[in-house]
1. Calculate one ³J(HN,Hα) per residue across segment 149-155 by plugging θ = phi - 60° into the Karplus curve 6.51 cos²θ - 1.76 cosθ + 1.60, and present them in order as whole Hz with x for glycine and proline.
2. Net charge near Ala87: determine it from the other residues with C-beta under 11 Å of the C-beta of Ala87, scoring Lys and Arg +1 and Asp and Glu -1.
3. How would you order 33-45, 81-93 from highest to lowest mean count of nearby Cβ atoms within 10 Å?
4. Given Ser21, Pro33, Leu64, which one lies farthest toward the positive end of the charge dipole of segment 1-113, if we put +1 on the Cβ of every Lys and Arg and -1 on the Cβ of every Asp and Glu?
5. With an 8 Å Cα cut-off and a minimum separation of 6 or more residues, compute the relative contact order for the chain in percent.
6. How would Met49, Met12 line up from fewest to most surrounding beta-carbon atoms within 10 angstrom?
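Here, each number is a calculation from the coordinates, and none is a lab measurement. It should be emphasised that the depicted structure is a prediction, and the values quoted were computed from it without experimental measurement. All Cβ positions, even for glycine, are placed from backbone atoms using ideal geometry, and neighbour counts span all protein chains on display.
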Amino acid sequence: MTDSRHRTFVVMGVAGCGKSSLGAALAAALALPLIEGDDHHSVESRAKMSRGIALDDADRAGWLDRLGAELGRHAAQEGGAVLSCSALKRAYRDRLRAACPGLRFVFLELDRDEALRRVASRATHFFSSSLVDSQFATLERPDPALEPDVLRLSATQPLDELCAAVVAAPISADGVCP
Ligand SMILES: Nc1ncnc2c1ncn2[C@@H]1O[C@H](COP(=O)(O)OP(=O)(O)OP(=O)(O)O)[C@@H](O)[C@H]1O
Ligand SMILES: O=C(O)[C@H](O)[C@@H](O)[C@H](O)[C@H](O)CO
């Protein structure tokens, strides 16, 4: 029986990996609400990123708490949700896990050159392409042994294949991806 613990997802990774694209596709495929992480940054954080200044732990703390609260609310009221959120560090992911137990993460892996190409090709987005290197410097890749609730996928796969892989991923009795 599927419950909200099995239907609450965070699509994570560096800028440009495809979080928003896969998040939207997954939310549509599973008829779940989408929480776009970028919509919940403070005005100050968005201004920093537009100026090419990377966020730090303090900038991200309140943002992660707002996202955790949104996840918990949607899980309780709507049986799940899909969140697009960089969640670059283990501590950030743990903060979300604490706010919404049973989360499943989807890590979209992308190399630096392709991330830079994708970010630089977006003319209107607030995120400065000069920040791509800082995203990789901050990223703590999930260790499968320590974070078994993370499904790793190559971000270069076509969107429909990524979406199908998440939907088909096995779930163990405690709600994590084996
Ligand atoms: N699977 C994919 N294959 C090829 N291109 C993709 C794929 N997914 C997304 N893209 C493209 O990569 C760019 C970045 O995608 P998207 O905005 O979804 O990434 P993001 O991780 O949400 O980025 P950010 O965090 O900076 O907002 C877009 O131009 C999008 O069309
Ligand atoms: O943690 C962060 O540094 C931010 O969330 C960034 O990752 C951006 O929000 C995003 O990637 C650009 O849209």
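1. 8, 10, 9, 9, 9, 6, 6
2. Values: positive: Lys19, Arg60, Lys89, Arg90, Arg93, Arg95, Arg97; negative: Asp94, Glu140, Glu147.
Every neighbour counted, the sum reads +4.
3. 81-93, 33-45
4. Comparing the listed Cα positions along the dipole, Leu64 ranks first.
5. 34 percent
6. Details: Met49 21, Met12 25.
The order, fewest Cβ neighbours first, is Met49, Met12.
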